[in-house]
Amino acid sequence: MSEWLVLTLAMAAACAVVLVIAVINNRRIGEDDDPTETPDVMEYMTMMIGVVYAIVLGLAIAGVWEGRGTAQESVRQEAQALHEVSVRSEVWPADVHRRIRADVEAYVRHVVGPEWEAMAEHGELTDEGTQLLHQVRRSVTSYRPADAHQAQAYQPLVDQVAAADDARSVRADSAGETMPGVVWFGLITGALVAVGLIFALQIRRTFRELLLAGLYSALIAFLLFLIWVIDAPFGRGVSATTEPFLRAFPYLGG
């Protein structure tokens, strides 16, 4: 099921539940009831709870967005480091350069293909990807420079492989969901409380009040969906992309 279809259904369900409860609750109130008798302290508490929950939602969105940015940056750094390995090895003999370049391309193909699917579906990297990167490292470190010019390129190449390995580790840490379950419990409970407090103010069946109640509940549903869809940087709609790899190695195709 598409994430946007899930969002549409969630927002529609939130609106429907709130409006149905509002209509049913309004029918149970007697004609002599006066909505202006709502205590001032109740309005103050409702406002404060809404403000606190809005701050929590904002922090949660900022946290998952930062996690997505970290994941995308790790992909960029890894692609750039591998590109440097492929290019800088040109100063070495042709057969060594071809071997290193072939190992790098095999690793990149695996990352943008099977490994990316594994991150999206299971939130983890593959053992084959780890082995392919180790092969790149072995191809670089096993060569012994024949002269001073080749020796100058040796340490930078080793450093770039290490940078790619470090970026891969960051990508592994970002592959799964980052939001703890206890935070989700707090967000969902807070949403129920925030929406439930609408009825503490004795909402009526007027079009204006029902419209505002529906929009309020739909907004909360949208924000919770936004947190959920960003929470897995490689697995859902607003996710990190393979663009840095494809930009660094355009001849590998999609």
> Quick check, is Leu125 without any contact (Cβ under 8 Å) to a residue 40 or more places away in the chain and not charged (D, E, K, R)?
Replying inline: no
>> I'd like the residue in the range 146-157 that is surrounded by 14 or more Cβ atoms within 10 Å (Cβ to Cβ) and without any contact (Cβ under 8 Å) to a residue 60 or more places away in the chain and, out of all such residues, is nearest to Val112 (Cα to Cα).
In response: Tyr154
>> For the range 173-182, which positions are hydrophobic (A, V, I, L, M, F, W, C) and more than 14 Å from Phe225 (Cα to Cα)?
In response: Ala175, Val182
> Arg109: in contact with a Leu (Cβ under 7 Å, 6 or more places away or on another chain) and surrounded by fewer than 17 Cβ atoms within 10 Å (Cβ to Cβ), yes or no?
Replying inline: yes
> Checking Val140 against (1) in a helix (DSSP H, G or I); (2) loosely packed, with under 12 Cβ neighbours inside 10 Å, which single condition isn't satisfied?
Replying inline: (2)
> Is it the case that Leu224 is at pLDDT 85 or above and assigned to a helix (DSSP H, G or I)?
Replying inline: yes
> Can you pull out the residues in the range 171-193 that are touching a residue at least 40 places away in the same chain (Cβ under 8 Å), surrounded by fewer than 16 Cβ atoms within 10 Å (Cβ to Cβ) and part of a helix (DSSP H, G or I)?
Replying inline: Gly186, Val193
> Just one of Ser169, Ser139 is over 23 Å from Glu243 (Cα atoms), of a type in the set (S, T, N, Q) and modelled with pLDDT of 90 or more; which is it?
Replying inline: Ser139
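The values are calculated or read from the model by the stated rules, or taken from the named source; none is laboratory data. Note that the coordinates shown come from a computational prediction; the quantities given were computed from them, not determined experimentally. Quick reminder, even Gly has a Cβ in these numbers, built from the backbone with ideal geometry, and neighbours come from all protein chains shown.
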